[in-house]
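Here's the structure we're looking at; comments come further down.
The values are calculated or read from the model by the stated rules, or taken from the named source; none is laboratory data. As the structure is a computational prediction, the values presented were derived from the model and not from experiment. Heads up, the Cβs are rebuilt from the backbone with ideal geometry, glycines too, and the neighbour counts pull from every protein chain shown. Quick note on the areas: whole protein, heavy atoms, side chains included, nothing else; ligands and nucleic acids left out. Shrake-Rupley method; radii C 1.70, N 1.55, O 1.52, S 1.80 Å.
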Amino acid sequence: TQLLEQSPQFLSIQEGENLTVYCNSSSVFSSLQWYRQEPGEGPVLLVTVVTGGEVKKLKRLTFQFGDARKDSSLHITAAQPGDTGLYLCVGGGSQGNLIFGKGTKLSVKP
Amino acid sequence: GAGVSQTPSNKVTEKGKYVELRCDPISGHTALYWYRQSLGQGPEFLIYFQGTGAADDSGLPNDRFFAVRPEGSVSTLKIQRTERGDSAVYLCASSSSGTDSYEQYFGPGTRLTVT
């Protein structure tokens, strides 16, 4: 069974701070995606990483895929209240489905 | 263009009743997915359609759950003899491809409450 472990589960920080969310698995994934979900809405894709060691930047967000394609991280610089939400690490399953981590609930206080 | 829509947005039903949840995917998307999300958890995969056929239904928890997509567009998730443990948000997603985890576009979900 392919599983994704995310840490931390909860994170509450002040505006302007930096943070990193981790996603780990014992399985190799062909790709990993990060989604962000706000209350009452479905998840929205932020980025897809497919190559081991790949780094992608999206404004203040930096995503990294581990060399062995078993782990990923999301780093947010100078967090803003608008970054508040549930961040989900998602791996491509062997059956073509998506395997979701449990998510990191981020709260950024002004 | 229109995104994925789901109806109803909220459904309250009594234990033992039958419910149907509907998903309208983005036009032209061949792949459609159903997920269930409990409070404080990430979405849990239920079933995936490629066209009209269920390519993978390994996530359906038991035989009370069934889903159809007869014309390869709209899908209905059906739950028989509902139980309180079925209470969750049911999310539908669609994508233009069903393999290699291409971007999935999610609907807002249907919040099911079984009393």
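Residues that are closer than 22 Å to A:W34 by Cα, within 13 Å of the chain's Cα centre (by Cα) and among the small types (G, A, S) are absent from the stretch B:62-74 altogether.
So that you can scan it fast, the table gives a plain yes or no per residue for (1) open to solvent by less than 70 Å² (accessible area, probe 1.4 Å); (2) within 13 Å of another protein chain (Cβ to nearest Cβ); (3) closer than 21 Å to B:F45 by Cβ; (4) not in a strand (DSSP E or B):
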| residue | (1), (2), (3), (4) |
| --- | --- |
| A:S12 | no, no, no, no |
| A:E41 | no, yes, yes, yes |
| A:F63 | yes, no, no, no |
| A:R69 | no, yes, yes, yes |
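In the stretch A:43-61, the qualifying residues are those that are within 14 Å of chain B (Cβ to nearest Cβ) and open to solvent by less than 60 Å² (accessible area, probe 1.4 Å), and the one that is farthest from A:G82 (Cα to Cα) is A:V49. Given the structure, is B:Y90 more than 15 Å from A:G40 (Cα to Cα), of a type outside the set (D, E, K, R), assigned to a strand (DSSP E or B) and touching a residue at least 24 places away in the same chain (Cβ under 8 Å)? No; evaluated as a whole, the condition is false for this residue.
Whether any residue in the stretch B:18-40 is polar (S, T, N, Q), more than 13 Å from chain A (Cβ to nearest Cβ) and open to solvent by 20 Å² or more (accessible area, probe 1.4 Å) is what I want to check. Scanning the stretch B:18-40 turns up at least one residue that is polar (S, T, N, Q), more than 13 Å from chain A (Cβ to nearest Cβ) and open to solvent by 20 Å² or more (accessible area, probe 1.4 Å). Has the stretch A:87-95 got at least one residue that is free of Cβ contacts under 8 Å to residues at least 12 places away in the same chain and either under 10 Å from the mean Cα position of the chain (by Cα) or within 13 Å of another protein chain (Cβ to nearest Cβ) (or both)? Looking through the stretch A:87-95, at least one residue is free of Cβ contacts under 8 Å to residues at least 12 places away in the same chain and either under 10 Å from the mean Cα position of the chain (by Cα) or within 13 Å of another protein chain (Cβ to nearest Cβ) (or both). Scan the stretch B:46-87 for residues that are in a loop (DSSP other than H, G, I, E, B) and open to solvent by 30 Å² or more (accessible area, probe 1.4 Å) and the total you get is 15.
Restricting attention to the stretch B:5-17 and to residues that are in a strand (DSSP E or B) and not hydroxyl-bearing (S, T, Y), the residue that is least open to solvent (accessible area, probe 1.4 Å) turns out to be B:Q6. When residues of the stretch A:55-73 are filtered for being under 18 Å from A:L45 (Cβ atoms) and among the small types (G, A, S), how many remain? Here the count works out to 2.
Among the residues of the stretch A:74-86, those that are in contact (Cβ under 8 Å) with a residue 40 or more places away in the chain and either among the aromatic types (F, W, Y) or closer than 13 Å to A:L46 by Cβ (or both) comprise A:L74, A:H75, A:I76, A:G85, A:L86. Of all the listed residues (B:S96, B:S73), the sole one being on the phi < 0 side of the Ramachandran plot, touching a His at 6+ places or on another chain (Cβ under 7 Å) and away from every other protein chain (no Cβ under 11 Å) is B:S96. Only residues that are exposed (fewer than 14 other Cβ atoms within 10 Å of the Cβ), polar (S, T, N, Q), touching a residue at least 60 places away in the same chain (Cβ under 8 Å) and assigned to a loop (DSSP other than H, G, I, E, B) were counted in the stretch A:14-39, giving 2. Inspection of the stretch B:82-91 finds a residue satisfying the criterion of being at pLDDT 95 or above, closer than 17 Å to B:Q6 by Cβ and out of contact with any Leu (no Cβ under 7 Å at 6 or more places or on another chain).
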